[in-house]
Amino acid sequence: MIINSIKIISVVGARPNFMKIAPFIKAIEEFNSKSSDIYIDHTLVHTGQHYDEKMSGSFFKELQIDQPDVNLEIGSGTHAEQVGNTMIAFEKVLKNLKPHWVVVVGDVNATCACSITTKKEGIRLAHIEAGLRSYDIAMPEEINRLVTDRLSDLLLTPDSISSNNLQDEGVDERKIKLVGNIMIDTLETNITEAKKLSTESVVKSSMLAEQQIPESVMNGSQFGLVTMHRPSNVDNPKVLREIVTFLAEEATSKLDLIWPIHPRTKNIIAKIGLLEDILKNPKLLLTEPLGYLQMLKLNMSADIMLTDSGGLQEECCVLGTPCLTMRWNTERPITLKEHGGASVLVGNSVSNIRREFLRCIAQDRKPKRPKLWDGNTAKRIVNCIVSEHLQTEEVCFEFEEESKFKAV
Ligand code: UD1
């Protein structure tokens, strides 16, 4: 007999959120199928920050997530527009559904906007991937992380460095739960399927132009992988031009490169007049943004990754792909070489990128799995939320009883 129903809304907004929510939803379904006295009533809200088939729709199909119950259809815009419009729309959802908990993931604008709205409605908030810090307040994601963690009632961290960051900020230790990295649950679920793909089919199905595919890419034997979208790398034309020139003219003399290009980056490269030339370069293959399985296949086969994405940094760590992180700092230090990982910070200085590129292409894979990056993080998260809910419900009940007693 069900004696307790817990109403949870979880929120996704942008591409890196989908791989974090898929295992959470699966773990809720598993929990419901096993539990006879507690039922989790779950609603998935998509803010619509990312809306393309390639940036959003395809992930729902691939990761077998049901279509969102609610889509706020916020779309592109300035940061204030995205955050403001999300808050206005999400407030209506909260007033209507009145959940016990809202669960947010990661650090995108949707995460921050929904966290603020949740707490203003007096609802409990859980943050998956809490405690990451780059200590670089110029990053929009760092602002989103700080706001979300400050407001959260349950801070679910991927590693002990993140838990320590929160303790250092004075967060009540009882709210911090080290649960591991939920992205790795998704990697574990999909790795067998991804292995079945061929590099050639991945590239052929998503190339931006009719380029001749080099032999080394056709047979998946030797290639590097590039992704780039952070404002620090792509918004300044001088910085972007230098990096692109290095990739197109120098790096490709050592290794053919595949570059699944983010829409934001593609727009800027076109604006500064470099797109035509790159599309003619036979050793630098531009593709549309890839699906999850396609990207995983390329990552596990690549000799090197050059990226400014946090999620890819983590996946490289577990797969052992040598990774040049094109940033001056990272909120994920656990993935760095000094912590046993596969990643080196190179910023956006071409001399750093060149030096580490030459060093890393000669390097073997060195997989590393930090503690609790074991594929079972989502189950731990569901257990944490349920047990926290039951404890706080009990406290509320006792408190009500006491105040009734006092009132009499
Ligand atoms: C966002 C996240 C970032 C995450 C990244 C992954 C914030 C602050 N940033 O950055 O943390 O790593 O997503 O992709 O939330 N666009 C499309 N189609 C889409 C979505 C976007 O064409 O489906 C284009 C639009 O021109 C848009 C631009 O990409 O203006 C940037 O999108 P936006 O959501 O503002 O930020 P991202 O750079 O993607």
Among the residues of region 120-135, is there at least one that is within 16 Å of the ligand (Cβ to nearest atom), in a helix (DSSP H, G or I) and not aromatic (Phe, Trp, Tyr)? no
Cβ contacts < 9 Å: first residue farther than 15 Å from Pro231 by Cα, restricted to region 244-270; second residue within 11 Å of the ligand (Cβ to nearest atom) and in a strand (DSSP E or B), any location; separation 6+ or different chain. Result? Trp259/Thr227; Pro260/Thr227
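To keep it simple, each residue is scored yes or no on (1) in contact with a helix residue (DSSP H, G or I) (Cβ under 6 Å, 6 or more places away or on another chain); (2) free of Cβ contacts under 8 Å to residues at least 60 places away in the same chain.
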| site | (1), (2) |
| --- | --- |
| Ile334 | yes, no |
| Glu338 | no, yes |
| Asn348 | yes, no |
| Ile361 | no, no |
Given the conditions (1) away from the ligand (no atom under 16 Å from the Cβ); (2) hydroxyl-bearing (Ser, Thr, Tyr); (3) closer than 25 Å to Ile143 by Cβ; (4) part of a helix (DSSP H, G or I), report the number of the one that Ser10 does not fulfil. (4)
Tally the residues that are of a type in the set (Phe, Trp, Tyr), buried (at least 21 other Cβ atoms within 10 Å of the Cβ) and farther than 15 Å from Thr111 by Cα, restricting the search to region 44-91. 1
For His50, indicate whether it is without any contact (Cβ under 8 Å) to a residue 60 or more places away in the chain, within 16 Å of the ligand (Cβ to nearest atom) and in contact with a Ser or Thr (Cβ under 6 Å, 6 or more places away or on another chain). yes
Can you report the number of residues in region 186-201 which are part of a helix (DSSP H, G or I), touching a residue at least 60 places away in the same chain (Cβ under 8 Å) and either under 25 Å from Trp373 (Cβ atoms) or among the charged types (D, E, K, R) (or both)? 9
Within region 272-288, does at least one residue satisfy the condition of being closer than 22 Å to Asn17 by Cα, modelled with pLDDT of 95 or more, away from the ligand (no atom under 16 Å from the Cβ) and not aromatic (Phe, Trp, Tyr)? no
Out of all the residues in region 144-167, is one or more out of contact with any Leu (no Cβ under 9 Å at 6 or more places or on another chain) and either more than 28 Å from Thr78 (Cβ to Cβ) or part of a loop (DSSP other than H, G, I, E, B) (or both)? yes
Enumeration of residues in region 243-259 that are in a helix (DSSP H, G or I) and aromatic (Phe, Trp, Tyr): Phe246
Can you tell me which residues in region 332-360 are in a helix (DSSP H, G or I), closer than 22 Å to Lys254 by Cα and of a type in the set (Ser, Thr, Tyr)? Ser351
Among the residues of region 202-215, the number that are touching a strand residue (DSSP E or B) at 6+ places or on another chain (Cβ under 9 Å) and either surrounded by fewer than 13 Cβ atoms within 10 Å (Cβ to Cβ) or assigned to a helix (DSSP H, G or I) (or both) is 4
For region 92-102, does any single residue satisfy the condition of being of a type in the set (D, E, K, R), assigned to a helix (DSSP H, G or I) and surrounded by fewer than 18 Cβ atoms within 10 Å (Cβ to Cβ)? yes
Inspect region 16-35 for any residue being buried (at least 21 other Cβ atoms within 10 Å of the Cβ), more than 21 Å from Cys112 (Cα to Cα) and of a type in the set (Phe, Trp, Tyr) and give the result as yes or no. no
Do we have any residue at all in region 55-72 that's over 29 Å from His262 (Cα atoms), modelled with pLDDT of 95 or more and of a type in the set (S, T, N, Q)? no
Residue selected from region 245-268 under the condition β-branched (Val, Ile, Thr) and touching a strand residue (DSSP E or B) at 6+ places or on another chain (Cβ under 9 Å), by the criterion farthest from Asp303 (Cα to Cα): Thr265
Output yes when any residue across region 173-185 is free of Cβ contacts under 8 Å to residues at least 12 places away in the same chain, in a helix (DSSP H, G or I) and not aromatic (Phe, Trp, Tyr), and no when none is. yes
Of the residues Ser58, Ser33, Ser76, which single one is within 11 Å of the ligand (Cβ to nearest atom), farther than 21 Å from Ile128 by Cα, part of a helix (DSSP H, G or I) and of a type in the set (S, T, N, Q)? Ser58
Number of positions in region 274-304 that are of a type in the set (A, V, I, L, M), in contact (Cβ under 8 Å) with a residue 60 or more places away in the chain and within 25 Å of Gly57 (Cα to Cα): 7
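Rundown of residues vs (1) within 25 Å of Gly180 (Cα to Cα); (2) aromatic (Phe, Trp, Tyr), yes/no style:
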| position | (1), (2) |
| --- | --- |
| Val83 | no, no |
| Phe90 | no, yes |
| Lys95 | no, no |
| Asn109 | yes, no |
| Cys114 | yes, no |
| Glu129 | yes, no |
| Leu146 | yes, no |
Hits in region 217-242 (condition: within 16 Å of the ligand (Cβ to nearest atom), in contact (Cβ under 8 Å) with a residue 60 or more places away in the chain and either among the charged types (D, E, K, R) or assigned to a helix (DSSP H, G or I) (or both)): Arg230, Pro231, Ser232, Asn233, Val239
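The values are calculated or read from the model by the stated rules, or taken from the named source; none is laboratory data. Nothing here was measured: the structure is a model prediction, and the numbers come from that model. We place every Cβ from the backbone using ideal geometry, glycine too, and count neighbours over all the protein chains shown.
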